[in-house]
């Protein structure tokens, strides 16, 4: 599995919008953002700073980042967009070429205008005061003071976010931790607020299960299951059913929730039983093949250590026995077929009807 730059961008932008971060600049290949306090706590790893903010009650200063989704294209575009020195103001002009006369910095504005007129169309060179700190009079007498690095909240740090990067994994982990449990309502729109009768919403329990089938190879599957807490109806592809619906976190006006006929615990047991019955119908040829590979690997280990375990020296034999047992355990762990089921996200969804 892999994601292209646009898919990575969508994941990141969804997280930034969900955590209410301030977007400073955005393009198809990058976004400059000032993190919200919620996102800053999850992404910047500054527990001491946030502990200080919570103890003292001061206004937090969150960090800003430029997240680049296509580093090569971003660098090429940045190199093209650098404006030429001639189009800049006098104070921002490049230093003169070696050997060219330097105009005194104390000249007035009229002299600066004459300086611009002196540029020849052949070489398009303008002689301006040097911006090198070594050329200043103060630098000759007192030395050069290096510019201080920009640190702290005012700095905008660049980070390249591509598939497999540490920052993308961190954003996914933060989204999973904060979005593990949901409680949402279908948005009925403005028409429902003006109707006479209240709309009845049906409660659903939705769970996303991850099924891991592993041996020396590994396969993962996602199962989105939903069960009605009033009727007990189970839907296999629950995510596709609600993907097109607009959800809000609060109960809409002129809407009531139907009473539960099933508790969440009972509904969870029914979903797990449904998933177990589905897994029981799968083809497990891969598991039989994995056990055969395990048998061959254990036979090779037994043959290799068979003669070594006959060592007459007891100390050497005990060391070999320990190594033999450890090698068998590692091989069994690697090749033994296993199935693990875990719930990634779950939530209560209150819907009109499905």
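Here, each number is a calculation from the coordinates, and none is a lab measurement. As the structure is a computational prediction, the values presented were derived from the model and not from experiment. For neighbour counting, all protein chains shown are included, and Cβ atoms are generated from backbone atoms with ideal geometry for every residue, glycine included.
Pairs of alpha-carbon atoms within less than 8 angstrom and 6+ residues apart define the contacts here; what relative contact order does the range 286-336 have, in percent?
Values: 24 pairs, mean separation 27.2, N = 51.
Over the range 286-336, the number comes to 53 percent.
Based only on other Cβ atoms within 10 Å, what is the fewest-to-most ordering of 10, 41? Show your work: numbers first, answer last.
Details: 10 12, 41 19.
Lowest count first: 10, 41.
Based on the convex hull around the alpha carbon atoms, the range 8-53 presents an average projected area of 3.4 nm². Going 7 Å from the Cα of residue 196 in the Cα-to-Cβ direction, what parts of the range 340-354 have a backbone nitrogen less than 19 Å from that spot? No residue passes the distance filter. As a proxy for reagent exposure, 242, 296 were ordered by neighbouring Cβ count within 10 angstrom, fewest first; the result is 296, 242. Taking other C-beta atoms within 10 angstrom as a stand-in for reagent exposure, 14, 283, 160 fall in the order 283, 14, 160, fewest first. When Rg and Dmax are taken over the Cα atoms of the range 286-336, they come to 12.7, 43 Å.
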